[in-house]
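For reference, the structure discussed in these notes is given below.
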């Protein structure tokens, strides 16, 4: 499935729609794409729709930011851009996160040999002067996620 992200508001709408159709944790979603294509922006809209009211920084320097949603669900947002070695994920408690958290990972290609297959894989990319988000379900949970997604329109 592909969606054209004509502007920042469409990226917000997609993030909110993905949050609305999101399955219960645990889940793993990956976001690939070049710098500045909107990965962190999409995650911020996703987290805000789930109820995060705090500032949502990019985890570029911390590698991981964790949020508690409604006192029960935990979502971890990871940015692996600065990751030197995939085994660093062990020090962050990554395997434990997979047991109960929802995990969103930007730059998953930095640790592909270490990561399990995601439930949902998103790839944000430039196509000329427009942005596209390609989404692929990689598990039953991912299929559920996409089948319940209300695709936002540009209006």
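The numbers here are math on the coordinates, done by the rules we state, and not lab data. Since we're looking at a predicted model, the values are computed, not measured. Because the Cβ atoms are built from the backbone with ideal geometry, glycine has one as well, and the counts that use them run over all protein chains shown.
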With Kirkwood's inverse mean 1/r over C-alpha pairs for Rh, give me the Rg to Rh ratio of the chain, two decimals please. 0.93
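In what sequence, highest mean first, do 105-113, 144-152, 37-45 appear when ranked by Cβ atoms within 10 angstrom?
Highest to lowest by the protection proxy: 37-45, 105-113, 144-152.
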Tally the DSSP beta bridges in region 2-147 and give the antiparallel ones as a percent, rounded to 5. 55
Mind telling me which of 131, 95, 71 comes out most flexible in a GNM of the chain, alpha-carbon contacts under 10 Å? 71
Simple spin-label estimate for residue 74 and residue 138 in nanometres, 7 Å along Cα-Cβ: 2.2
Most mobile of 46, 27, 91 in a GNM of the chain (Cα contacts under 10 Å): 91
Full extension from residue 109 to residue 90: what is 0.36 nm times the residue separation minus their Cα-Cα distance, to one decimal in nm? 5.2 nm
How do 66, 55, 60 rank when sorted from fewest to most other Cβ atoms within 10 Å of their own Cβ? 55, 60, 66
Sort 85, 119 so that the residue with the fewest other Cβ atoms within 10 Å of its own Cβ comes first and the one with the most comes last. 85, 119
Kirkwood estimate for region 90-155, i.e. one over the average of 1/r between Cα atoms, Å: 14.0
Given a Förster distance of 22 Å, the FRET efficiency implied by the Cβ-Cβ spacing of residue 34 and residue 61, rounded to the nearest 0.05, works out to 0.70
Proxy exposure order for 52, 103 (fewest C-beta within 10 Å first) is 52, 103
Angle, helix 8-20 long axis vs. longest principal axis of the chain, Cα atoms, 0 to 90°, nearest 10? 60
In degrees, nearest 10, range 0 to 90: what is the angle between the Cα axis of helix 39-49 and the longest Cα principal axis of the chain? 90
Region 47-75 to region 126-155: how many Å between their Cα centroids? 21
